[in-house]
Number of protein chains: 2
Amino acid sequence: MRTLMESARAAKAASVLTAQLDTESKNRALRAIAAALVERTEEILDSNGRDMESARARGMESSLLDRLMLNAQRIEGMAEGLRQVAELPDPVGEVMEQWTRPNGLLIKKVRVPMGVIGMIYEARPNVTVDAAALTFKAGSAVLLRSSASAFESSAALVRVMRETLEAQGITPDAVCLVEDKSHGAVDEMLKLRECIDLIVPRGGAGLIRNAVMNSTVPVLETGTGNCHVYVDASADYEMAERIVINAKTQRTGVCNAAETLLVHSAWAEEHLRALLKALTDREVELHGDLPAAGYTEGMIPATEADWADEYLRLAMAVKVVSGVEEAVEHINRYGTKHTECILTADEKSAEYFLRNVDAAVVDWNASTRFTDGFEFGFGAELGISTQKLHARGPMGLREITSYKYLVIGSGQARP
Amino acid sequence: MRTLMESARAAKAASVLTAQLDTESKNRALRAIAAALVERTEEILDSNGRDMESARARGMESSLLDRLMLNAQRIEGMAEGLRQVAELPDPVGEVMEQWTRPNGLLIKKVRVPMGVIGMIYEARPNVTVDAAALTFKAGSAVLLRSSASAFESSAALVRVMRETLEAQGITPDAVCLVEDKSHGAVDEMLKLRECIDLIVPRGGAGLIRNAVMNSTVPVLETGTGNCHVYVDASADYEMAERIVINAKTQRTGVCNAAETLLVHSAWAEEHLRALLKALTDREVELHGDLPAAGYTEGMIPATEADWADEYLRLAMAVKVVSGVEEAVEHINRYGTKHTECILTADEKSAEYFLRNVDAAVVDWNASTRFTDGFEFGFGAELGISTQKLHARGPMGLREITSYKYLVIGSGQARP
């Protein structure tokens, strides 16, 4: 077994080599990995079976078991993801800008790999492959810290990826798994500034908070989404119902699902009863303030905690507000800077909302569920950033690179 | 006296307002502050005099006293800086990219202010004004933590800025000074995630390290520069002498000064004696390896520490290397990812160096001293980033902003 430090040093050394790979070599390797995963499905499912067995023995709840479970179709899904990443343009080497100074210096701003990216994630084996594919295509090496409960699955996936890389003449250390399953390994990883250039935590609020609070390596904070839909006075009913239902119910366990509905009091009078019925018909549990409670039966009174909660299930907080100003104030107070939506036919309201809401993505007459690397056209995503530094919103290949300046002279010295 | 928390909350509230200011209001305020600083020179010099007096009483060394000292000319210099920032294009609201998805969604990536920027810096009163000017123009509020030894000077400058803002009808809390002079206030500031969006430390290695190691607020690491000049086999002697002398001696106490000279062994045989003489003629103290020592008299033997040291004075480490590969290896081992330079007539060597050196700025036949916001054409700089996340190299107005995505639809829900 390698210690964390050994794996991290190996990744660091590999990152010098992955930075040099040409696009075609990277794409060929990604496609070869896709083929190997499918070919070695049985071996991967064996390992996943061991994870599933111990998870069941420990009484893991069924939604988490479902995340952990692999089958042939899900492995094919991972392979398809790899093939898609192979199709994406290579961000490395792109000249982002260039200009010449009056003294003749040519300055080029060039996109370069980040170096070593440390991923810390929970029991979703697909993250192992998705993260490795994106970081590899972006010219970086990856150090993967899978949760202990998915360790056997992740180890099998990493084994297939490493063996395939090696067969392609590429250093297998481009993809390194943290083999130390202890919790201490995460704490240690968060301090490895000499080997890791960036930490990306993906998972629940506790996992992310631990990384943000304890890392001395720069962190890209992802994910928590207490997203709001604000229905303005002029919103079309049919559109509002379609988008609110979509944002709340199309998939509930994801960060871009809506959690709170804010409704203009005038619109509420006319339409809120119908909208709340559409929600309860779909078994959404409603937590509302007093004015909202007047438009349905059996609403649970909302407490302060409801305004801040990311339910991640068929539940929604409902509040009647006096207008767009109060909606923005509420959102900037309780939101998590992820995705916020206004539904309105009034351009002034929309402009005010788009300008004043502080979030990665602000939607006007579109569902919050579009905050996603694929939906944005990035082809894939490593996560959704909720911080304001470096990258905001869906992070595709470009968002996990850095840049450097090349200054080309002919002997200039500074006067 | 305001507590740190009160100042931070005031800055947070102000940042909502500064984000809304139009370009002309910001520029008018910057010019008014420039005029007020000059007009109130005497008042500022009085306060600076008190700082100087206590610094002298505590036995502060003369180079630090010189940094701390203000006079009419230096205040005019700050005012000129403000006028220049007023001339720069406003980064806020810039549409960085926009595209339409097949489903009709229009996605706009728009530059937005960072929010609240916390500056932690040492006894340079000019940073108080430079940082306030840049953050204000970039639409953010600033929370300034000046060192205790420059407190009276900073407080006077902040007073003038705040009073002028207020007279312009702009919230004075756009510029907040941390009034709590205790060391604990810095530690507390580094944890204020709810009020501060970004910490920028500027100063010595200890100050920066403290911020990087203890902050839970995202940090932009600035400054430490152990910069190298590598002289390749084909370098022109005259150019090499000009650039090495410029990089080492034009100004020594700055992060973009060269600290180590790496020389190709073939070039060394022919030219190193002359180059080292040019350096010692300018009183540069040389610390070299054994082969380098053969080309001059009285060279101090270099130890491991010399390769890592940022001398910030008339001293230089010298090493003879076998070629560009060894030079790059040495730089990537001992450098601080700031600025690295190759002098060569050989395009292959240059390409290898530009590609493989991991630094914010890589120069080919140009002095390291050009790594500077003004020299890059950014008009001003908040510092020079040595990290790979968010911004690398000189940070101008754009580099201290964030962005958000606006998604504009016509009722789209996710299938």
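Among the numbered criteria (1) without any contact (Cβ under 8 Å) to a residue 24 or more places away in the chain; (2) at the interface with another protein chain (Cβ under 8 Å from one of its Cβ atoms); (3) not in a strand (DSSP E or B), which one does residue A:390 miss?
(1)
Tally the residues that are touching a helix residue (DSSP H, G or I) at 6+ places or on another chain (Cβ under 8 Å) and buried (at least 20 other Cβ atoms within 10 Å of the Cβ), restricting the search to segment A:245-258.
6
Which one of these is of a type in the set (A, V, I, L, M), modelled with pLDDT of 95 or more, in the same structural domain as residue B:292 (by TED's automatic domain parsing) and assigned to a helix (DSSP H, G or I): B:362, B:328?
On the way: B:362 fails: assigned to a helix (DSSP H, G or I).
Only one candidate qualifies: B:328.
Taking the stated definitions as given, is residue B:115 buried (at least 20 other Cβ atoms within 10 Å of the Cβ) and on the phi > 0 side of the Ramachandran plot? Give the derivation first.
Details: buried (at least 20 other Cβ atoms within 10 Å of the Cβ): yes; on the phi > 0 side of the Ramachandran plot: yes.
When the stated conditions are applied, residue B:115 passes them.
Could you please let me know if residue A:282 is more than 14 Å from residue A:262 (Cα to Cα) and either among the basic types (Lys, Arg) or crowded, with 21+ Cβ neighbours inside 10 Å (or both)?
In short, yes.
Select from segment B:355-369 the residues that are touching a residue at least 60 places away in the same chain (Cβ under 8 Å) and more than 7 Å from chain A (Cβ to nearest Cβ) and list them in ascending order.
Matches in segment B:355-369: B:368 only.
Kindly provide the set of residues from segment A:1-24 that are more than 14 Å from chain B (Cβ to nearest Cβ), under 16 Å from residue A:162 (Cβ atoms) and of a type outside the set (A, V, I, L, M, F, W, C), ordered by number.
Across segment A:1-24, the qualifying residues are A:2, A:6, A:7.
Residue by residue through segment A:395-415, note down the ones that are facing chain B (nearest Cβ under 8 Å) and of a type outside the set (Ser, Thr, Tyr).
Residues of segment A:395-415 facing chain B (nearest Cβ under 8 Å): A:402-414.
Listed by number, the residues that qualify are A:404, A:406, A:407, A:408, A:409, A:411, A:412, A:413, A:414.
Hey, can you tell me all the residues within segment A:64-81 that are closer than 23 Å to residue A:313 by Cβ, of a type outside the set (A, V, I, L, M, F, W, C) and surrounded by 12 or more Cβ atoms within 10 Å (Cβ to Cβ)?
Quick first cut of segment A:64-81, residues closer than 23 Å to residue A:313 by Cβ only: A:64-69, A:74.
Narrowing further to those that are of a type outside the set (A, V, I, L, M, F, W, C): A:66-67, A:74.
Passing the criteria: A:67, A:74.
Please pick out the residue among A:315, A:327, A:302, A:292 that is of a type in the set (A, V, I, L, M, F, W, C), within 18 Å of residue A:270 (Cβ to Cβ) and touching a His at 6+ places or on another chain (Cβ under 8 Å). Step through it out loud before you land on a result.
Working: A:315 fails: within 18 Å of residue A:270 (Cβ to Cβ); A:302 fails: within 18 Å of residue A:270 (Cβ to Cβ); A:292 fails: touching a His at 6+ places or on another chain (Cβ under 8 Å).
None of the other options fit; the residue is A:327.
Might you check whether a residue that is among the acidic types (Asp, Glu) and modelled with pLDDT of 95 or more occurs anywhere in segment A:139-154? If you could, list the steps in order and put the result at the bottom.
Start the filter on segment A:139-154 by keeping residues that are among the acidic types (Asp, Glu), which leaves A:152.
Filter once more, so that each one left must be modelled with pLDDT of 95 or more: A:152.
Looking through segment A:139-154, at least one residue is among the acidic types (Asp, Glu) and modelled with pLDDT of 95 or more.
Kindly indicate whether residue B:404 is of a type in the set (D, E, K, R), assigned by TED's automatic domain parsing to the domain that holds residue B:213 and not in a helix (DSSP H, G or I). Lay out the reasoning, then the answer.
Working: of a type in the set (D, E, K, R): yes; assigned by TED's automatic domain parsing to the domain that holds residue B:213: yes; not in a helix (DSSP H, G or I): yes.
The answer is yes for residue B:404.
Quick check, is residue B:3 farther than 23 Å from residue B:396 by Cα, touching a strand residue (DSSP E or B) at 6+ places or on another chain (Cβ under 8 Å) and hydroxyl-bearing (Ser, Thr, Tyr)?
On the way: farther than 23 Å from residue B:396 by Cα: yes; touching a strand residue (DSSP E or B) at 6+ places or on another chain (Cβ under 8 Å): no; hydroxyl-bearing (Ser, Thr, Tyr): yes.
No.
Have a look at B:361, B:320 and point out the one that is among the aliphatic types (A, V, I, L, M) and closer than 14 Å to residue B:258 by Cβ.
Numbers: B:320 fails: closer than 14 Å to residue B:258 by Cβ.
The match here is B:361.
Among the residues of segment A:160-219, how many are surrounded by fewer than 21 Cβ atoms within 10 Å (Cβ to Cβ), over 20 Å from residue B:218 (Cβ atoms) and polar (S, T, N, Q)?
Result for segment A:160-219: 3.
Somewhere in segment A:92-109, is a residue crowded, with 16+ Cβ neighbours inside 10 Å, more than 14 Å from chain B (Cβ to nearest Cβ) and among the aliphatic types (A, V, I, L, M)?
For segment A:92-109, residues crowded, with 16+ Cβ neighbours inside 10 Å, more than 14 Å from chain B (Cβ to nearest Cβ) and among the aliphatic types (A, V, I, L, M): absent.
Within segment A:103-126, is even one residue in contact with a Ser or Thr (Cβ under 7 Å, 6 or more places away or on another chain) and among the charged types (D, E, K, R)? Don't jump to the end; show me each part of the working.
Quick first cut of segment A:103-126, residues in contact with a Ser or Thr (Cβ under 7 Å, 6 or more places away or on another chain) only: A:104, A:106, A:111-117, A:121-123, A:125.
Cutting the leftovers down to among the charged types (D, E, K, R) gives us A:111, A:122.
For segment A:103-126, residues in contact with a Ser or Thr (Cβ under 7 Å, 6 or more places away or on another chain) and among the charged types (D, E, K, R): present.
Of A:78, A:60, which residue is in contact (Cβ under 8 Å) with a residue 40 or more places away in the chain, in contact with a Ser or Thr (Cβ under 9 Å, 6 or more places away or on another chain) and closer than 30 Å to residue A:218 by Cα? Don't jump to the end; show me each part of the working.
Details: A:60 fails: closer than 30 Å to residue A:218 by Cα.
Testing whether each residue is in contact (Cβ under 8 Å) with a residue 40 or more places away in the chain, in contact with a Ser or Thr (Cβ under 9 Å, 6 or more places away or on another chain) and closer than 30 Å to residue A:218 by Cα leaves just A:78.
For segment A:215-261, what are the residues that are closer than 23 Å to residue A:147 by Cα and over 20 Å from the mean Cα position of the chain (by Cα)?
A:216
Check off (1) more than 9 Å from chain B (Cβ to nearest Cβ); (2) more than 19 Å from residue A:198 (Cα to Cα); (3) touching a strand residue (DSSP E or B) at 6+ places or on another chain (Cβ under 8 Å); (4) in a loop (DSSP other than H, G, I, E, B) for residue A:381 and give me the number that stays unchecked.
(2)
Take residues that are in contact (Cβ under 8 Å) with a residue 40 or more places away in the chain and within 14 Å of chain B (Cβ to nearest Cβ) and tell me which of the strands (runs of 3 or more DSSP E) falling wholly in segment A:199-309 contain 2 or more.
On the way: elements: A:227-231, A:258-264, A:285-288.
Because the criterion is at least 2 residues that are in contact (Cβ under 8 Å) with a residue 40 or more places away in the chain and within 14 Å of chain B (Cβ to nearest Cβ), the strands (runs of 3 or more DSSP E) in segment A:199-309 that meet it are A:227-231.
Of all residues in segment B:358-374 being more than 15 Å from residue B:251 (Cα to Cα) and surrounded by fewer than 24 Cβ atoms within 10 Å (Cβ to Cβ), which is nearest to the chain's Cα centre (by Cα)?
So in segment B:358-374, the residues more than 15 Å from residue B:251 (Cα to Cα) come out as B:358-366, B:373-374.
Adding the requirement that they be surrounded by fewer than 24 Cβ atoms within 10 Å (Cβ to Cβ) leaves B:358, B:364-365, B:373-374.
Numbers: B:358: 18, B:364: 22, B:365: 23, B:373: 8, B:374: 11 Å.
Here the residue is B:373.
Hey, can you tell me all the residues within segment B:323-343 that are surrounded by fewer than 24 Cβ atoms within 10 Å (Cβ to Cβ) and closer than 23 Å to residue B:237 by Cα?
The answer is B:323, B:325, B:326, B:330.
The values are calculated or read from the model by the stated rules, or taken from the named source; none is laboratory data. No experiment lies behind these values; they were computed from the predicted model shown. Neighbour counts are summed over all protein chains in view; Cβ atoms, including those assigned to glycine, are modelled from backbone coordinates with ideal geometry.
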